[in-house]
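The values are calculated or read from the model by the stated rules, or taken from the named source; none is laboratory data. Everything numeric here is computed off the predicted structure, so don't read it as measured data. Because the Cβ atoms are built from the backbone with ideal geometry, glycine has one as well, and the counts that use them run over all protein chains shown.
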Amino acid sequence: MIVMGFAGLVSGCSHVPAYDQAMVSKPNMIFSESPVFDFGSKVLPRIEPGASASGGAQAAGCATCR
Amino acid sequence: MHAELKGAAIALAWVLIPLSLGAQKRALGGLNWSGVWRGEADLETVWCNDILLVESALGFRQRLGRRGLNLSVSYGYFQLDYAPADFDPFGIERQRSEDRTGFQLGLLQSLSKRWEVTASGGVYHGYTDHRSLWLDEYYRQQFGNLEDYEESDPWGYNLSAGLRWEYIPSSGFIQLQALFSRDDVAPGYEIDFDGLFRGTETLYTWTGRISFENVLTSRIRSLNEFIITDTTDREIRSAYQGSLNWALTRRWVARAVLGGALEKPEFDAYYFSFGLDFDCTSSLLFSFSGRYYSDTGEIEDALLFSSAAPALESYQLGLGLRWVKNLYSFKLFVARYFTRYEDPGIGVASFVNLYRDRNWTIVQCAFSKEW
């Protein structure tokens, strides 16, 4: 419930026009899958079982996640 | 070769390989492909005094009008110094190393200005983590001489399909994704008066994911992901991850992630991380980050023999830099990582050296170039 409430709070329905998105369009503001622009680890989810999205073994990675 | 030296050698190789990408693009030029190409190479090395873990990948991305194509080839390497429990009469110390190769293909098609569909598939061969390699060595030493024992040969594949809807122009996105994977893993073994029994070898996993990405203000972008996973012989796992990026000023960006997972009967986990980026110049960025993780462990009965992991707490502190110039980008990230397990109890005593507190070093480097 808390998580759902938090998610709803931060998702919002606000519209920010494209001309006002210069700061949120910087490379480090985008949720990029590119390894250059993401400091996340591929190894740690295999040490931490609760950080892995999948319950099964893991493959080469999601190629189409945005 | 010593583990650290081997890690450094692999790192050097994967930094040099991208330099040949330009030649590959010229070789494919005859196919008359156009649009924006991006070549990427990344390497992550994580090690402590008895374990070395390496993950690396080469990827190509292309956007061609309404279509997109992603290709990636991955390589993982694991090396560990297996150490049996003191009371194990069959166990011997042994260095073991294995690797894994994988291939993934992803396609994207725009249906209209606001709708996109995605599809992907991949296959891999080899061990996926050091824990499965450790357990395989344990069972090999215990039962390898018995007739019913079989050498493991892990492999798997995955298929996924997704839909992305820009429900608020340039500000709100919803993405749905369904994923199926089949994994042949290194199984466990049990022995009784009827003989040796091989555990479940093939796991089927169905995953559903819905994510919401929003530009909340001219300075804040958020991503909320909800994931449901159903795996053979496991209860359903539900997970959530929320991410928030906040441009404090034109040069400073704060990043935060909060996530967790629940799985019956008693497993739950949560984690959070933060990061602070500083644009030193127009092309150089420095980053400081930290992370905390905690779970309740996967042990259901501490008195029964089990290879399940006990409760874990981990901490990470890291420093990174990113350099972006023209069409080239480079990232270097270094961190210290600490894992602390709860006393595993008598049921997991055989794996006391697997679930031991460790202090790790993490080094990531990545390179990309666009054409």
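Which residues, taken from segment B:245-256, are in contact with a Leu (Cβ under 8 Å, 6 or more places away or on another chain) and either surrounded by fewer than 18 Cβ atoms within 10 Å (Cβ to Cβ) or more than 8 Å from chain A (Cβ to nearest Cβ) (or both)?
B:W252, B:A254, B:A256
On the basis of being farther than 30 Å from A:Q21 by Cβ and of a type in the set (A, V, I, L, M, F, W, C), does B:W155 make the cut? Here the answer is yes, as B:W155 does meet what is asked. Of the residues screened, B:S152 is one that is of a type in the set (S, T, N, Q) and more than 7 Å from chain A (Cβ to nearest Cβ).
Residues in segment B:156-181 that are in a strand (DSSP E or B) and small (G, A, S) were compared, and the one that is farthest from the other protein chains (Cβ to nearest Cβ) is B:A178. Scanning segment B:51-108 for residues that are within 9 Å of chain A (Cβ to nearest Cβ) and more than 27 Å from B:S181 (Cα to Cα) gives no hits. Within the option set B:A256, B:A308, B:A335, B:A269, being among the aliphatic types (A, V, I, L, M), more than 23 Å from A:M29 (Cβ to Cβ) and in a strand (DSSP E or B) holds for one residue only, B:A269. Cβ separations smaller than 8 Å between residues 6+ apart or across chains give the following pairs from segment A:30-43 residues that are at the interface with chain B (Cβ under 7 Å from one of its Cβ atoms) to residues that are at pLDDT below 85: A:F31/A:R66; A:K42/A:G61.
On inspection, B:E298 fails the criterion of being modelled with pLDDT under 90 and loosely packed, with under 14 Cβ neighbours inside 10 Å.
Conditions (1) facing another protein chain (nearest Cβ under 10 Å); (2) on the phi > 0 side of the Ramachandran plot; (3) outside any strand (DSSP E or B); (4) of a type in the set (V, I, T), marked per residue:
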residue: B:D183; (1), (2), (3), (4): yes, no, no, no
residue: B:I191; (1), (2), (3), (4): no, no, no, yes
residue: B:F197; (1), (2), (3), (4): no, no, no, no
residue: B:S211; (1), (2), (3), (4): yes, no, no, no
residue: B:S218; (1), (2), (3), (4): yes, no, yes, no
residue: B:R221; (1), (2), (3), (4): yes, no, no, no
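Cβ separations smaller than 7 Å between residues 6+ apart or across chains give the following pairs from segment A:1-28 residues that are at pLDDT 60 or above to residues that are assigned to a helix (DSSP H, G or I): A:M23/A:M29; A:P27/A:F37; A:N28/A:F37.
Among the candidates B:S314, B:S368, B:S306, single out the residue that is of a type in the set (S, T, Y) and either under 30 Å from B:G39 (Cα atoms) or touching a Pro at 6+ places or on another chain (Cβ under 7 Å) (or both). Full working, then the answer.
Details: B:S314 fails: either under 30 Å from B:G39 (Cα atoms) or touching a Pro at 6+ places or on another chain (Cβ under 7 Å) (or both); B:S306 fails: either under 30 Å from B:G39 (Cα atoms) or touching a Pro at 6+ places or on another chain (Cβ under 7 Å) (or both).
Result of the check over B:S314, B:S368, B:S306: B:S368.
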